[in-house]
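Comments concern the structure below.
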Amino acid sequence: MDLNISARDVEYAENLLAAGDLETAKTVLEELVGVVEEWAAAEVADTSTRQWFAFDDVFERLAYRRVEQDPRTLVQVEAPLARIYAALAFVQIQREDFGAARESLMQAVRWNPMNCTYRLDLAEIFRALGDIQQWAAMSYSVIERASDGRSAGLAYANIGELFLQEKEIAAAAGAGRLALGLAPTEPRVMRLQNRLAAEDPELGNLEDAQVIDALAAQGIPTAPSAEIAICLLMCATDAAQAGDSAAATEYTVRAHKLVGAPAAKALTALIHETDAERSEGE
């Protein structure tokens, strides 16, 4: 059974949303979901050796391999299935149907587990539904998957808010410092900074190392994933070799914003050394 959905079909629904026509968009998206679910029931038999995903690009596929260490054969679905469910979730959120939005976003994450926007949106739905444990877990899951500073910063802001609620003030401050460094202009990050200042004005006198050590003591990674940065830089190298300077620049800039320029340069050198050793071995 063929999956008769194209990127153009999804773009049509997204354009309806952009125009504010939620009702028509909802009808179109529900029809697309019906097609996806009928096709998946007939064709997508997830097994211990094979799984279907709808990644947006080669970077996400590579990153999934390295982060998840999934040994199965990955079958790429060309239609942007995750975007269908994410768009439908937007409609459901506007209607304050948070239970339905949760299910839609869970499907978006299922089809593209590397898209951190879906994970962050799903975290907020869990919070709206009062499921703080899942809100925290979903936020935590972003840290090891984030490929841009904004996503990582928002994840740390959520973690900081959680620790603030639990009166773990130093750990909250550590998360807040990391969030501020990664996404300084995000309102959620600034709200956390304001709450921290109101909660304990003396926190500003503590060194970064002190509060970040307190965060680490809670079992939270204190930096975005180096594995993700390596994937970005590997894709940058491949793009440069293929003559795609725009893509090479984009991947490199994302890596620099994620882990900082010095770390990104060190990782690039390591990649080149590894490639050279591999070539010599061959």
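The values are calculated or read from the model by the stated rules, or taken from the named source; none is laboratory data. Treat the numbers as computed from the prediction; the structure is a model and nothing was measured. No Cβ is skipped: glycine too gets one built from the backbone with ideal geometry, and neighbour counts run over all protein chains shown. SASA here: full protein model, heavy atoms, side chains in, ligands and nucleic acids out. Shrake-Rupley method; radii C 1.70, N 1.55, O 1.52, S 1.80 Å.
Here are the numbers:
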{"item": "Looking only at the stretch 125-149, and only at residues there that are free of Cβ contacts under 8 Å to residues at least 60 places away in the same chain and either open to solvent by less than 10 Å² (accessible area, probe 1.4 Å) or acidic (D, E) (or both), the one that is nearest to R61 (Cα to Cα)", "result": "V142"}
{"item": "Cβ-Cβ under 6 Å pairs, at least 6 apart or on other chains, the stretch 29-52 side open to solvent by 90 Å² or more (accessible area, probe 1.4 Å) and of a type in the set (K, R), far side outside any helix (DSSP H, G or I) and at pLDDT 90 or above", "result": "R50/R72; R50/T73"}
{"item": "Single residue of A108, A100 found to be small (G, A, S), over 25 Å from Q218 (Cβ atoms), crowded, with 21+ Cβ neighbours inside 10 Å and in contact with a helix residue (DSSP H, G or I) (Cβ under 6 Å, 6 or more places away or on another chain)", "result": "A108"}
{"item": "Condition broken by I5, with the remaining ones in (1) β-branched (V, I, T); (2) under 19 Å from A108 (Cβ atoms); (3) assigned to a helix (DSSP H, G or I) satisfied", "result": "(3)"}
{"item": "Any hit, the stretch 195-213, residues being surrounded by 15 or more Cβ atoms within 10 Å (Cβ to Cβ), under 23 Å from the mean Cα position of the chain (by Cα), over 30 Å from I271 (Cα atoms) and at pLDDT 95 or above", "result": "no"}
{"item": "Residues of the stretch 110-149 that turn out to be in a helix (DSSP H, G or I), closer than 21 Å to P80 by Cβ and of a type in the set (K, R), as a count", "result": "2"}
{"item": "Residue pairs meeting the criteria (Cβ under 7 Å; at least 6 apart or on separate chains; first under 15 Å from G160 (Cβ atoms), in the stretch 208-227; second open to solvent by 60 Å² or more (accessible area, probe 1.4 Å) and not in a helix (DSSP H, G or I))", "result": "Q218/E168; P221/E144"}
{"item": "Residue within the stretch 17-26 that is surrounded by 13 or more Cβ atoms within 10 Å (Cβ to Cβ), in a loop (DSSP other than H, G, I, E, B) and among the small types (G, A, S) present", "result": "no"}
